[in-house]
Amino acid sequence: MSWVSVLAYLLLLLSVCTEASVHDYRGESFVVKGNAFVVHGGSEGIYSSVPNLNDTSKASNGDSYIRFERITFRRNKEFSNFSSWPIQAVVFEVEDRETIGGSAYGGQRAVCCTGDLAKLGVCAEGQVIHRPSTENPDWPQVFGVPFNVDDEVAVLPLKSIQITKTGMYNLYFIHCDPRLKELVVEGKTVWKNPSGYLPGRMAPMKIFYQFMSFAFILLGIFWFSQYARFWKEVFPLQNCITLVITLGMFEMALWYFDYAEFSETGIRPTGTTIWAVTFGTVKRTVARLVILIVSMGYGVVRPTLGGLTSKVVMLGGTFFLASEVLELVENVGAVSDLSGKAKLFLVLPAAVLDVFFVLWIFTSLSATLNKLQARRMMIKLDIYRKFTNALAVAVIVSVGWICYELYFKSNDIYNEQWQSAWIIPAFWQILSFSLLCVICALWAPSQNSTRYAYRDDGSDEFDRDDTTLTLIKPSSISSKDVRSMPDARPVQASNVNSNGDLEEDKIE
């Protein structure tokens with residue numbers, strides 16, 4: 001199956017998936033976990049209720065809760081000739097996870113109460129084993145409903161659980177009756193924070209993208225004002241930078257509107273999310289391609305990429321598809337505050353392509369720096385050295401942050417550090433924006449912009465640092481004088497060498 005087919009399939013699949021902090025259950029089947037049958041109903045970081053919050057909007061009234069709305073359990077008619085043990089909803093804060101289940105035979109942990117444990121009087125047979133929390137005896141919250149004889153449907157009572165303690169909350173639907181075959185759950189639960197319906201992990205991102213939108217506006221004002229002032233001096237590389245800034249402005253705005261609407265309504269706008277993901281992926285792809293072609297010296301020491309154009313386009317297209325699929329899976333339809341949802345086979349292609357970009361960029365930079373030094377184009381060489389240093393710092397910082405990210409996730413198995421987890425995706429946005437600012441500073445449009453562009457008329461000679469040149473008064477020179485000039489032959493050789501470099505660039 002091609003990447004395009006995979007992308008189309010994922011878009012179709014995600015369009016019918018859960019779309020909100022309103023967790024929607026559409027025929028979810030129970031799976032076996034130990035001696036219990038389980039459906040994961042959701043996990044979200046929720047802040048405690050804030051009384052008298054100064055906000056009149058319905059979504060920001062200061063209440064925090066988990067509300068159950070017509071949760072229905074269905075069984076097939078052929079399995080409806082008996083009364084069952086209850087199907088229970090279990091809500092607990094992650095710090096109280098040890099209160100769910102107990103030790104059975106041989107010290108093995110069990111979730112459901114067995115007949116032998118029931119005889120000891122520690123639990124009721126067929127129900128979930130749980131103990132009160134040491135901090136709050138009313139938690140965990142466990143309630144349920146059984147099937148009566150011949151009933152095909154059992155409905156949980158309407159219930160709203162008030163959240164009075166900030167934490168990561170988990171919901172599971174559990175039953176212990178092996179006779180309940182092909183049982184499914186339908187309905188929805190609404191999870192709300194004091195300021196709106198955004199899950200706790202996502203809530204800070206709304207403010208972050210608001211600030212990033214403002215930052216891109218400031219960068220855009222600087223760049224477009226320079227672009228308008230010196231538009232006659234603009235060369236192709238600066239047009240590419242303009243495209244990256246424009247895409248970044250759209251991406252930040254779309255992410256902000258996505259989170260703002262999600263927070264207000266509780267329904268994540270799938271269309272806005274897909275557009276935000278797509279603009280972000282296009283921006284990252286174009287940014288990497290711009291850095292690559294700059295490293296190759298495009299528009300500065302070579303007029304075209306020659307035979308490398310198709311390879312660059314192919315790499316960019318492959319990276320776009322791999323990143324788009326990964327970002328769609330990570331963001332579209334995301335409800336729970338669970339990290340690391342994307343599978344390894346989606347993360348790996350994007351990571352490998354990123355490494356390939358880095359290797360190709362630094363290899364090209366090395367060749368371009370050598371070429372500039374050989375031609376003694378000192379002004380361009382100085383700019384490229386600054387650009388190389390900025391890239392090197394960015395790569396070193398990226399590697400260090402990846403190590404920290406791996407450490408963070410390996411030590412946060414139960415998502416207990418959800419309040420600070422937003423920093424991880426925010427960091428990559430800040431790093432890419434910082435690198436973009438460096439590029440804008442180095443190649444900003446100015447009255448001398450064209451001195452940094454490729455010239456095939458020999459005018460690059462002014463850029464050389466040659467102290468032997470002196471200013472002389474122009475005068476007519478006879479052919480005899482020309483033949484007697486010692487520098488005539490070396491200049492001709494220099495021009496030949498420059499043309500040779502050009503041909504080498506085209507062949508490459």
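Quick check on my filter: what residues within the stretch 180-210 are closer than 23 Å to PRO157 by Cα and charged (D, E, K, R)? Spell out how you get there, then give the answer.
The first filter runs over the stretch 180-210 and keeps only residues closer than 23 Å to PRO157 by Cα, leaving 180-193, 197.
Within the stretch 180-210, LYS181, GLU182, GLU186, LYS188, LYS192 qualify.
Yes or no: LEU120 out of contact with any Leu (no Cβ under 6 Å at 6 or more places or on another chain) and farther than 30 Å from ILE267 by Cβ?
On the way: out of contact with any Leu (no Cβ under 6 Å at 6 or more places or on another chain): yes; farther than 30 Å from ILE267 by Cβ: yes.
Here the answer is yes, as LEU120 does meet what is asked.
I'm checking my understanding of the structure. Among residues of the stretch 34-59 that are modelled with pLDDT of 90 or more and open to solvent by 60 Å² or more (accessible area, probe 1.4 Å), which one is nearest to PRO199 (Cα to Cα)?
Across the stretch 34-59, the extreme among qualifying residues is TYR47.
Name the single residue that is nearest to ARG67 (Cα to Cα) among those in the stretch 169-211 being part of a helix (DSSP H, G or I) and either in contact (Cβ under 8 Å) with a residue 24 or more places away in the chain or touching a Pro at 6+ places or on another chain (Cβ under 9 Å) (or both). Quick ask: steps written out before the conclusion?
Here is the first cut: in the stretch 169-211, the ones part of a helix (DSSP H, G or I) are 203-211.
Keeping just the survivors that are either in contact (Cβ under 8 Å) with a residue 24 or more places away in the chain or touching a Pro at 6+ places or on another chain (Cβ under 9 Å) (or both) gives 203-206, 208-210.
Working: ALA203: 19, PRO204: 23, MET205: 24, LYS206: 24, PHE208: 28, TYR209: 29, GLN210: 30 Å.
Per the stated criteria, the residue is ALA203.
Which one of these does PRO178 not meet: (1) over 27 Å from the mean Cα position of the chain (by Cα); (2) at pLDDT 95 or above?
(2)
Please find, within the stretch 285-308, the residue that is modelled with the lowest pLDDT out of those that are within 25 Å of ALA392 (Cα to Cα) and open to solvent by 50 Å² or more (accessible area, probe 1.4 Å).
Within the stretch 285-308, the first condition is being within 25 Å of ALA392 (Cα to Cα), and the residues that meet it are 285-302, 305, 308.
Keeping just the survivors that are open to solvent by 50 Å² or more (accessible area, probe 1.4 Å) gives 288, 298.
Numbers: ARG288: 95, TYR298: 77.
Only one residue tops the list, namely TYR298.
Across the stretch 117-131, what is the number of residues that are open to solvent by 80 Å² or more (accessible area, probe 1.4 Å) and either among the basic types (Lys, Arg) or over 16 Å from GLN88 (Cβ atoms) (or both)?
Within the stretch 117-131, residues that are open to solvent by 80 Å² or more (accessible area, probe 1.4 Å) and either among the basic types (Lys, Arg) or over 16 Å from GLN88 (Cβ atoms) (or both) number 4.
Out of all the residues in the stretch 238-259, is one or more in contact with a Pro (Cβ under 7 Å, 6 or more places away or on another chain), closer than 19 Å to GLU330 by Cα and open to solvent by less than 50 Å² (accessible area, probe 1.4 Å)?
yes
Hey, among VAL352, VAL358, which residue is modelled with pLDDT of 90 or more and open to solvent by 80 Å² or more (accessible area, probe 1.4 Å)?
Details: VAL358 fails: open to solvent by 80 Å² or more (accessible area, probe 1.4 Å).
Only one candidate passes the filter, namely VAL352.
Can you work out which of the residues in the stretch 148-165 that are within 36 Å of the chain's Cα centre (by Cα) and open to solvent by less than 50 Å² (accessible area, probe 1.4 Å) is nearest to PHE68 (Cα to Cα)? Even if it seems obvious, please write down each step before you answer.
Start the filter on the stretch 148-165 by keeping residues that are within 36 Å of the chain's Cα centre (by Cα), which leaves 159-165.
Next, from what is left, pick out any that are open to solvent by less than 50 Å² (accessible area, probe 1.4 Å): 161, 163.
Working: ILE161: 8, ILE163: 14 Å.
Residue satisfying both the conditions and the ranking: ILE161.
Table: residues versus (1) free of Cβ contacts under 8 Å to residues at least 60 places away in the same chain; (2) β-branched (Val, Ile, Thr).
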position	(1), (2)
LEU365	no, no
GLN373	yes, no
LYS380	no, no
ILE383	no, yes
PHE387	no, no
ALA390	yes, no
ALA394	yes, no
VAL397	yes, yes
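The values are calculated or read from the model by the stated rules, or taken from the named source; none is laboratory data. Just so it is clear, the structure is predicted and the values come from calculations on it, not from any experiment. FYI the Cβ positions are ideal-geometry reconstructions off the backbone, even for glycines, and counts take in every protein chain you see. In case anyone asks, the SASA skips ligands and DNA or RNA and just uses the protein heavy atoms, side chains included. Shrake-Rupley method; radii C 1.70, N 1.55, O 1.52, S 1.80 Å.
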